[in-house]
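In what follows, a structure is listed as structure tokens, so that the remarks can point back to it.
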Amino acid sequence: MRISIVSDTHGYFGAWDKLYREYLQASDLILHAGDVLYHGPRNPIVAGYNPQKLAEALNQCSVPVIIAQGNCDSEVDSMVLAMPIQSPYSYVVINGMRIVVNHGHTFKDEEALFEAAKHFKAHVIITGHTHVARLNKRDGIIHLNPGSPVRELSKREDGRATLATLYNGKLTITDVDSGSVIQEELITGGM
């Protein structure tokens, strides 16, 4: 099973369209860690911002999408999407692997994040919010932030747009534009 993991699309249809054509349509499942449609008051509006068109694309997506609510997602966003925006967590079990998705904006620090993962007995906890892709492991739990697939919103030092994939027991963070692997981690337990 191929699971694609994204976050912080913030209404940018152009980025989603490229992402879907080049990566997501080959997936069996898409996990979205929130901030789906609205750009939010802290983010600039750049070319490709079209939340209505992104909502239509999500509604027509042939791949199932599970969304955890971000701090920029509101009830009105839920009204235009065919799938629910789950709050505050999405919880998925696939082949015995427990995956928790939360936008991440409510965790005061990384310690609190890992404590939540332990509470849910998660193998993987996925967050977004920072627009910075990262992958780290502590006490057998993997924390993944897929970053943002919108280059103009990336807060990485190198400015790269990113997504993550879980496939064949490996979590991979990929540069959306070049397709190059930025970071990867083997997963134990489940998958």
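Please state the relative contact order of the chain as a whole percent: Cα pairs under 8 Å, 6+ residues apart?
21 percent
List every residue whose amide H lies under 5 Å from the amide H of GLN183, counting only residues 5 or more places away in sequence or on a different chain, with H placed 1.01 Å from N in the peptide plane.
Under 5 Å from the amide H of GLN183: ILE173.
How far apart, in nm, are two points set 7 Å out from the Cα along the Cα-to-Cβ line at GLU75 and at VAL93?
Between GLU75 and VAL93, the label points sit 3.2 nm apart.
Taking amide hydrogens as modeled 1.01 Å from N in the peptide plane, which residues meet the under 5 Å criterion relative to ARG98, leaving out close sequence neighbours?
The list, which skips near neighbours in sequence, is HIS123, VAL124.
Using the Karplus equation 6.51 cos²θ - 1.76 cosθ + 1.60 (θ = phi - 60°), what ³J(HN,Hα) coupling, rounded to whole Hz, does each residue of the stretch 36-44 give in order, writing x for Gly and Pro?
Karplus-based 3J(HN,Hα) across the stretch 36-44 equals 7, 9, 8, 6, x, x, 8, 9, x Hz.
Pulled fully out, how much extra length does the chain show between ARG21 and ILE187, if you take 0.36 nm times their separation in residues and subtract their Cα-Cα distance?
Working: separation 166, 0.36 × 166 = 59.76 nm, distance 2.67 nm.
Taking ARG21 through ILE187 to full extension adds about 57.1 nm, to one decimal.
Taking θ as phi - 60°, what are the ³J(HN,Hα) couplings along the stretch 126-142 by the Karplus curve (6.51, -1.76, 1.60), each to the nearest whole Hz, with x for Gly and Pro?
Residue by residue, the stretch 126-142 yields 10, 10, x, 6, 7, 6, 10, 5, 7, 8, 9, 10, 8, 6, x, 9, 9 Hz.
Which of the trypsin sites (Lys or Arg not before Pro) across the stretch 88-191 are loop residues per DSSP, with 11 or fewer other Cβ within 10 Å? The partial results should precede the final answer.
Numbers: sites: ARG98, LYS108, LYS118, LYS121, ARG134, LYS137, ARG138, ARG151, LYS155, ARG156, ARG160, LYS170; in loops: LYS108, LYS121, LYS155, ARG156, ARG160.
In loop regions of the stretch 88-191 (DSSP not H, G, I, E or B), the sparsely surrounded trypsin sites (Lys or Arg not before Pro) are LYS108, LYS121.
Lysine pairs in the chain 8 or more apart or on different chains: how many have alpha carbons under 21 angstrom apart?
Within the chain, the lysine pair count is 11.
If you take every DSSP beta bridge whose two residues both sit in the stretch 3-186, what share of them, in percent to the nearest 5, is antiparallel? Working shown, then result.
Working: 25 of 40 bridges.
Within the stretch 3-186, antiparallel bridges account for around 60 percent of the total.
Go through the stretch 11-28 residue by residue and turn each phi into a ³J(HN,Hα) via Karplus (6.51, -1.76, 1.60, θ = phi - 60°); whole Hz please, and just put x for glycine and proline.
x, 8, 4, x, 5, 4, 4, 4, 4, 5, 4, 8, 9, 6, 5, 8, 8, 9
Quick one: which residues, 5+ away or cross-chain, put their amide H under 5 Å from the amide H of THR162? H built at 1.01 Å from N.
Excluding prolines and chain starts, which carry no amide H, the hits are SER148, VAL150, VAL176.
Work out, step by step, the length gained on full extension between TYR167 and ASP28: first 0.36 nm times the residue separation, then minus their alpha carbon distance; give nm to one decimal.
Numbers: separation 139, 0.36 × 139 = 50.04 nm, distance 1.01 nm.
Extra length available between TYR167 and ASP28 comes to 49.0 nm.
Give me the distance in nm between label points sitting 7 Å out from Cα along the Cα-to-Cβ direction at GLN52 and PHE120, one decimal.
Simple spin-label model gives 3.4 nm for this pair.
Restricting things to alpha carbons, tell me how big the stretch 1-157 is in terms of Rg and Dmax, in Å.
For the stretch 1-157, the Cα radius of gyration and maximum Cα-Cα distance read 14.6, 42 Å.
We did not get these values from a lab; they are worked out from the coordinates using the rules stated. Because the structure is predicted, anything quoted here is derived from the model rather than measured. All Cβ positions, even for glycine, are placed from backbone atoms using ideal geometry, and neighbour counts span all protein chains on display.
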